[in-house]
Amino acid sequence: MKKTLCILLAVLMIIGLFSGCAEKEPEPLRILVDAGEADRMEQTVKEVMKGFVDTIRMVGGPTDIEVEVLPASKYGTARETALTRIRTEMMSGKGPDVIIARCTMDNDLDPLFPVLEKTMNNGVFMPLDKYIENAQYMEWDKHTAVIMDAGRNRFGQMVIPMTYTLPLTHFRESDIEGVKPSAETTWEEMITDESGVLSVSATWKHYGKGEYFFRDSADNYIECVLGEIADYRKEKLLFTEEELLQRTLEVLQLERDYNDGKYDHVPAHYQTRMFSGYDNEDLPETVTPRFIRTEQTIKELRGVLYEDKQTMIPIYADDGGVTATVTSYAAINANTRRPEDAFLVLDLILSKGYQQSFDLYDNWLTVEGRGIPVHEDIMKKSTPSGQLGLFWLSNENYDEYDRVRQQIRYVQFEGGLSVVFDEMYAKCKTADAKGEDCAPIVAEYYNILKQMMAE
């Protein structure tokens, strides 16, 4: 009996040994897409990604690819449930291999990573430097370097920005001859400019929802003035409560001056976040009221857009330089067991051809003020953006934009702390209209910002 038991145990051990050595069914390469659109668009995004997956297979990439598009409805709990599941998976050593996402969502929904800069420091993403060096499709050296550096920390390139934007005021160059602010221009110079041209450019009147007078979504403004707003490694803010209050009061005063007609003499101009929307066809009439700042006609507005050489004026920071905002990004989960396959996805989607005409860029990442691709050639007339090649700048105006682009000194990811600035300014604007003090509101939100950095 004892001998029989020993033989049985030995057999069971051998079975267990062979079972442990047997190869497990490989898990598919998972791509997570968070395009920030309503539920009804999820299937469309999936169809767009299906074509992209077919290309990956055609170039010899993996064939076992699974794409998940996060729900984006403000109704129900589908998105919250999905976010919790993904975050839990990643914390437990699993999760999607590749993440492609907008930084902010429609309908004020929470993004996957609320403060992406902090996430980058927490070991969530895989460093990409050695893979970038051997990239087959992306042209890394032709991506705007200062924008790409926003995805870098002491561990390396953790995130790859896909699109970015910055607020610009556009004038006909002939209307404001001799006005060409440089990277050394400061916020103080803008708000005290006697001609009014720079002051108008500092008065961001791009109308948005509700009481936000200067934002279309999470567009930076006060943050643009503050420049570098935080040290995410040391988890501390780089501006004081007093500075935040002062800048808020200055912005409120600019708006009052504008509404009181102080800048009515300033020539025709319009304001927009830089994005792939410079169409060489007629400007849609429905868009005109959002960009127009004086009573010019659609034809005159088209003159500013296409036919005349422009001067573009950004918002300058306290100590000079321009702040840009990353609006979408791609990253690889640090838990991936298939880093080469995962990087091939990034390599392809950051190639010039895909940045120029892929539906995901064309319909979700660049339209409606969301940004332009990071490849510097795109938006030239010879390299238009969009599947139909409709979005470009004339050679002269591309050179003018390039002049401004070279002044970019600070880069932030959309969302995160800027959402708090949004809420703070909205409340200050309401309080100011009632003749109430804004200082307590600024103090409250400054503490919220400090708490976010410490979490």
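Results, tabulated for the structure shown:
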| quantity | calculated |
| --- | --- |
| Close pairs from segment 121-133: first closer than 16 Å to TYR232 by Cβ and among the small types (Gly, Ala, Ser), partner part of a loop (DSSP other than H, G, I, E, B) and modelled with pLDDT of 95 or more, Cβ under 7 Å, at least 6 apart | GLY123/ALA334 |
| Test result for GLY303, out of contact with any helix residue (DSSP H, G or I) (no Cβ under 8 Å at 6 or more places or on another chain), at pLDDT 75 or above, surrounded by fewer than 21 Cβ atoms within 10 Å (Cβ to Cβ) and small (Gly, Ala, Ser) | no |
| Answer residue from segment 398-416, given it is among the hydrophobic types (A, V, I, L, M, F, W, C) and under 13 Å from the mean Cα position of the chain (by Cα) and is farthest from ALA317 (Cα to Cα) among those | PHE413 |
| Among the residues listed as LYS262, LYS309, the single one being more than 26 Å from PHE391 (Cα to Cα), at pLDDT below 95 and not assigned by TED's automatic domain parsing to the domain that holds PHE125 | LYS262 |
| Qualifying residue in segment 391-409 (condition: modelled with pLDDT under 85 and on the phi > 0 side of the Ramachandran plot) | no |
| Subset of segment 54-76 that is of a type in the set (A, V, I, L, M, F, W, C) and assigned to a helix (DSSP H, G or I) - its residue that is nearest to ASP108 (Cα to Cα) | ILE56 |
| Yes/no for ALA342 being in contact with a strand residue (DSSP E or B) (Cβ under 8 Å, 6 or more places away or on another chain), in the same structural domain as VAL98 (by TED's automatic domain parsing), at pLDDT 95 or above and surrounded by fewer than 18 Cβ atoms within 10 Å (Cβ to Cβ) | no |
| Lone unmet requirement of (1) out of contact with any helix residue (DSSP H, G or I) (no Cβ under 8 Å at 6 or more places or on another chain); (2) within 27 Å of TYR137 (Cα to Cα) for VAL67 | (1) |
| Residue within segment 37-46 that is assigned by TED's automatic domain parsing to the domain that holds LEU346, surrounded by 20 or more Cβ atoms within 10 Å (Cβ to Cβ), at pLDDT 95 or above and not in a loop (DSSP other than H, G, I, E, B) present | no |
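The values are calculated or read from the model by the stated rules, or taken from the named source; none is laboratory data. Here the structure is a predicted model, which means the values were calculated and not measured. Reconstructed Cβ throughout: ideal geometry from the backbone, glycine too, with neighbour counts over all protein chains shown.
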